[in-house]
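The values are calculated or read from the model by the stated rules, or taken from the named source; none is laboratory data. All figures in this text were calculated on a predicted structure; none of them were measured in a lab. Note that each Cβ is placed from the backbone with ideal geometry, even for glycine, and that neighbours are counted across all protein chains shown. With ligands, DNA and RNA removed, areas are computed over all heavy atoms of the protein, side chains included. Shrake-Rupley method; radii C 1.70, N 1.55, O 1.52, S 1.80 Å.
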Amino acid sequence: MSGVGCMIPKLRKVGSPHSGPSRLGLGIYLDRWHRRVLKSLPMDLPDVIAHFLSKPGAEETTPFGPDVLVYKVGGKMFGLAVPEEFPARINLKCDPERSVILRDEHDSILPGYHMNKRHWNTLVLDGSLASKLVSELIDHSYALVLTSLPKSKRKTESP
């Protein structure tokens, strides 16, 4: 058998039933190759929202009206999404030096729309950004905001 199809390893059961995030439904477990492939696929808005809400102490609010979803920790914003936009866009806080590098490397990372452009990026979820990068940037935004909270609030928000 020739062609690309024979190059892809078959999905097989690996690990234990308690191996956590590597489990797909129906008793199928992912091997390293499949996990790597899934991390390289683009994230869509429902995945992004789920990742926002998976952060300890994260809450979804709508201070700018029902069309804009704002994600906060300890009362401070770390992410923003407008579900009605296509392609979907999210705003994330970012270290200023890293922001410049990311914008140079990726056409889908822009200065933050309606935000302080030094500290915020807008990510266009058009399929060009890998889910691993988007997850990492959400985690980075969350960590920046969490560390800026007073220690008394940080203790109540962290796991």
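Side notes on the structure shown:
- Between Thr61 and His119, the contour length at 0.36 nm per residue exceeds the Cα-Cα span by 18.8 nm.
- With 0.36 nm allotted per residue and the present C-alpha distance subtracted, the Ala130-Glu105 stretch has 7.7 nm of extension available.
- Entry note, the stretch 57-117: relative contact order of 18 percent, from Cα contacts under 8 Å with a spacing of 6+ residues.
- Whole-percent carbon and sulfur share, accessible surface of the stretch 49-116, 1.4 Å: 55
- Counted charge near Leu69, where neighbours are those whose Cβ lies closer than 13 Å (Asp, Glu -1; Lys, Arg +1): -3
- Here the stretch 39-78 is treated with +1 on each Lys and Arg Cβ and -1 on each Asp and Glu Cβ, and its dipole about the Cα centre works out to around 220 debye.
- A full extension of the chain between Val82 and Ser54 corresponds to an added length of 8.2 nm, given 0.36 nm per residue minus the alpha carbon distance.
- Charge tally in the Cβ shell below 10 Å around His119, where Lys, Arg are +1 and Asp, Glu are -1, His119 excluded: +2
- Proximal charge balance of Leu110 [Cβ under 11 Å; K/R count +1, D/E count -1]: +2
- Computed 3J(HN,Hα) for the stretch 102-117, one whole-Hz value per residue from the Karplus formula 6.51 cos²θ - 1.76 cosθ + 1.60 where θ = phi - 60°, is 4, 5, 6, 7, 10, 5, 8, 10, 10, x, x, 6, 6, 9, 5, 5, glycine and proline marked x.
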